[in-house]
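Engineer: I am attaching a structure below and will ask some questions about it afterwards.
The values are calculated or read from the model by the stated rules, or taken from the named source; none is laboratory data. Everything numeric in this text was worked out from a predicted model, so none of it was measured. Here Cβ is always computed from backbone atoms with ideal geometry, including for glycine, and neighbour counts include all displayed protein chains. For accessibility, only protein heavy atoms count, side chains too; no ligands or nucleic acids. Shrake-Rupley method; radii C 1.70, N 1.55, O 1.52, S 1.80 Å.
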Amino acid sequence: MGLGDKLYSAFNHVDRHWCDRSEVDMHNWGHVKSVHRCDRTHSDWGMVKTVGKGVVNVGSSAFSTATNTGMSTLAYTAITGGTVALSATGIGAVATAGAVALGSSITAGISLHKTLQHIKNLEEIQKQQGVRFCEGDSHQHNYILNTVLPYIIAQKKRKMRRKGEETVPILGGMCTTLEEGARSIFKRVSGSRGKQRHHMAQALTVHLVSCECNLAQDIVAELWSNEEMMAIRSMDSDEAGYWIFSKMASA
């Protein structure tokens with residue numbers, strides 16, 4: 001088990017078992033053996049980054065304000081450089097906070113550009129439905145084309161809207177944080193969190209590993225990369241599933 005798998009397992013245990021009622025089985029992705037082989041191993045760095053995002057979101061609560069004196073303490077955890085603490089008052093704190101906000105908006109802008117490209121490429125895949133080779137189950141194939149792929153595109157468009165809002169320093173990030181927080185809480189309480197995405201990811205995963213299908217391969221290659229897709233499709237579905245699931249989010 002790689003570092004990413006260990007971090008993901010610990011993070012997912014707390015997140016799924018303590019924080020919501022969805023009861024999504026993150027270990028069940030169809031129980032299908034892969035018919036493919038690959039010489040390279042899929043990198044687990046992507047999952048490290050996924051878990052890292054959760055750490056950063058929690059760490060953002062370290063920014064605290066005082067009622068009359070403005071920001072009195074500014075602290076954050078820098079994953080790549082250890083723990084960094086900055087303290088300032090008045091103008092110094094505001095300037096530092098502004099720099100952080102500006103950096104976040106720039107990062108959101110870069111992510112927005114990448115998401116727009118993903119949407120464009122996924123829509124191109126959708127248009128090429130008549131020239132796709134597939135040796136697998138035709139019903140599975142059509143489900144991926146007509147249901148799973150449109151779902152992924154819709155998720156990416158939702159991410160595009162949110163990243164667009166986040167390009168506005170401070171206010172944009174605050175609005176999206178409140179929106180996503182309320183949405184996450186509702187899904188956790190209602191028990192719907194991740195259920196639809198799990199179902200879609202499982203269908204795509206099973207089809208990818210069980211047959212030769214250009215459609216499934218192109219979708220996963222767009223979500224990851226062609227090299228990573230080759231490694232993922234050589235895994236059994238119960239191992240490959242959560243990698244695909246992680247890239248189908250609107251986050």
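Engineer: Mind checking which pairs have a first residue in the stretch 205-225 that is touching a residue at least 40 places away in the same chain (Cβ under 8 Å) and outside any helix (DSSP H, G or I) and a second that is charged (D, E, K, R) and open to solvent by less than 10 Å² (accessible area, probe 1.4 Å), Cβ under 7 Å, 6 or more apart or different chains?
Structural biologist: Matching pairs, first to second residue: none at all.
Engineer: Under 6 Å by Cβ, and 6 or more places apart or on different chains, what pairs join a residue from the stretch 22-39 that is in contact (Cβ under 8 Å) with a residue 60 or more places away in the chain and part of a loop (DSSP other than H, G, I, E, B) with one that is crowded, with 17+ Cβ neighbours inside 10 Å and aliphatic (A, V, I, L, M)?
Structural biologist: Hits for this filter: G30/V206; V32/V206; V32/V209; S34/V209; S34/M235; C38/M230; C38/A231.
Engineer: Go through (1) in contact with a helix residue (DSSP H, G or I) (Cβ under 9 Å, 6 or more places away or on another chain); (2) in contact (Cβ under 8 Å) with a residue 60 or more places away in the chain; (3) over 14 Å from A201 (Cα atoms) one by one and return the number of the condition M248 breaks.
Structural biologist: Just one mismatch for M248, condition (3).
Engineer: Restricting the search to the stretch 132-141, which residues are surrounded by 14 or more Cβ atoms within 10 Å (Cβ to Cβ) and in a helix (DSSP H, G or I)?
Structural biologist: Selection gives Q140, H141.
Engineer: Something else about it: Looking only at the stretch 224-244, which residues are under 15 Å from I152 (Cβ atoms) and surrounded by fewer than 21 Cβ atoms within 10 Å (Cβ to Cβ)?
Structural biologist: Once the filter is applied, which keeps residues that are under 15 Å from I152 (Cβ atoms) and surrounded by fewer than 21 Cβ atoms within 10 Å (Cβ to Cβ), the stretch 224-244 yields only W224.
Engineer: Of all residues in the stretch 181-224 being among the small types (G, A, S) and modelled with pLDDT of 95 or more, which is farthest from H139 (Cα to Cα)?
Structural biologist: Here is the first cut: in the stretch 181-224, the residues among the small types (G, A, S) are 181-182, 184, 190-192, 194, 201, 203, 210, 216, 221.
Filter once more, so that each one left must be modelled with pLDDT of 95 or more: 201, 203, 210, 216, 221.
Values: A201: 16, A203: 11, S210: 14, A216: 13, A221: 22 Å.
Applying the filter and picking the extreme gives A221.
Engineer: Restricting the first residue to the stretch 134-155 and requiring it to be of a type in the set (G, A, S), which pairs with a second residue that is assigned to a helix (DSSP H, G or I) meet a Cβ separation below 9 Å and a spacing of at least six or different chains?
Structural biologist: G136/H207; G136/S210; G136/A216
Engineer: For the stretch 226-238, how many residues are within 14 Å of R37 (Cα to Cα) and assigned to a helix (DSSP H, G or I)?
Structural biologist: Within the stretch 226-238, the first condition is being within 14 Å of R37 (Cα to Cα), and the residues that meet it are 227-237.
So of that shortlist, the ones also assigned to a helix (DSSP H, G or I) come out as 227-233, 237.
Selection size over the stretch 226-238: 8.
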